[in-house]
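The values are calculated or read from the model by the stated rules, or taken from the named source; none is laboratory data. Here the structure is a predicted model, which means the values were calculated and not measured. Note that we place each Cβ from the backbone using ideal geometry, even for glycine, and neighbour counts take in every protein chain shown.
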Amino acid sequence: MNLNKDKSLTDPKILYEETVKRFWPRLFKFCCIYIADEEAAKDITQDVFLSLWESQRTLTDNMEITPYLMVACRNRCLNYIRSEQRKISFDSDITKEQILLKINKYALEDSPSILLESSDLRKTINEALSILRPRTQEIFNLRYYDGFQINEIAKKTQLTRKVIEYHLSKAINELQKKLSPKDFLLLLLFIST
């Protein structure tokens with residue numbers, strides 16, 4: 001499993017801790033979009049990382065960690081929403097929260113993170129990125145595929161925050177030119193989570 005591209009970290013516990021540190025905010029934010037209860041969102045995020053720790057022996061070395069975590073998070077959000085829907089009685093008074101649960105369930109069932117995993121879309125994005133300078137590609141991948149924060153990328157690449165933002169903006173502008181409107185929208189939905 002490709003938890004960290006830095007091969008100097010070989011201890012599974014350290015890799016796990018680095019992965020949690022890097023991806024916790026993103027997964028928690030993703031959960032909060034669909035789950036109104038912040039405590040439930042924290043529990044779901046924690047469950048995803050617990051599952052990652054428990055399944056690390058069954059995951060392959062070349063597996064991408066971002067899609068794995070996003071799919072696990074999405075599935076747990078769906079399970080939570082379905083569980084909450086079952087608790088709802090068949091009263092005639094439907095609350096706003098109940099309606100939101102249904103909408104969020106449908107949104108998660110057609111999640112852009114799942115669509116982004118499709119090999120065709122991923123291939124199209126990689127082709128569009130391939131015409132960019134290698135540094136821009138690297139920064140885009142660190143930010144959106146590997147889940148690094150801008151400050152972490154700046155430290156890792158020894159570039160300023162403004163330079164990192166420039167490279168990200170350039171990559172997104174190029175992707176907008178190369179991708180179909182539908183694919184670009186899916187990409188925007190994915191990178192905003």
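Could you please let me know if Glu109 is surrounded by fewer than 20 Cβ atoms within 10 Å (Cβ to Cβ) and modelled with pLDDT of 85 or more?
no
Quick test of your reading of the structure: Ser92 fulfils all but one of (1) surrounded by fewer than 16 Cβ atoms within 10 Å (Cβ to Cβ); (2) modelled with pLDDT of 60 or more; (3) polar (S, T, N, Q). Name the failing condition by number.
(2)
Just need a number here: residues in segment 33-58 that are part of a loop (DSSP other than H, G, I, E, B) and either under 14 Å from Lys21 (Cα atoms) or in contact (Cβ under 8 Å) with a residue 40 or more places away in the chain (or both). Talk me through it step by step, then tell me what you get.
Within segment 33-58, the subset part of a loop (DSSP other than H, G, I, E, B) is 35-37, 55-58.
Retained after the next criterion (residues that are either under 14 Å from Lys21 (Cα atoms) or in contact (Cβ under 8 Å) with a residue 40 or more places away in the chain (or both)): 35-36, 56.
Residues that pass the stated criteria total 3.
With respect to Ile139, is the statement that it is within 29 Å of Ser180 (Cα to Cα), over 15 Å from the mean Cα position of the chain (by Cα), crowded, with 17+ Cβ neighbours inside 10 Å and modelled with pLDDT of 85 or more true?
Against the criterion (within 29 Å of Ser180 (Cα to Cα), over 15 Å from the mean Cα position of the chain (by Cα), crowded, with 17+ Cβ neighbours inside 10 Å and modelled with pLDDT of 85 or more), Ile139 qualifies.
Would you tally the residues in segment 47-84 being at pLDDT below 80, among the basic types (Lys, Arg) and either within 13 Å of the chain's Cα centre (by Cα) or not assigned by TED's automatic domain parsing to the domain that holds Ile33 (or both)?
So the answer is 0.
Looking at Arg122, is it modelled with pLDDT under 75, within 26 Å of Ala171 (Cβ to Cβ) and not small (Gly, Ala, Ser)?
Working: modelled with pLDDT under 75: yes; within 26 Å of Ala171 (Cβ to Cβ): yes; not small (Gly, Ala, Ser): yes.
It is true that Arg122 is modelled with pLDDT under 75, within 26 Å of Ala171 (Cβ to Cβ) and not small (Gly, Ala, Ser).
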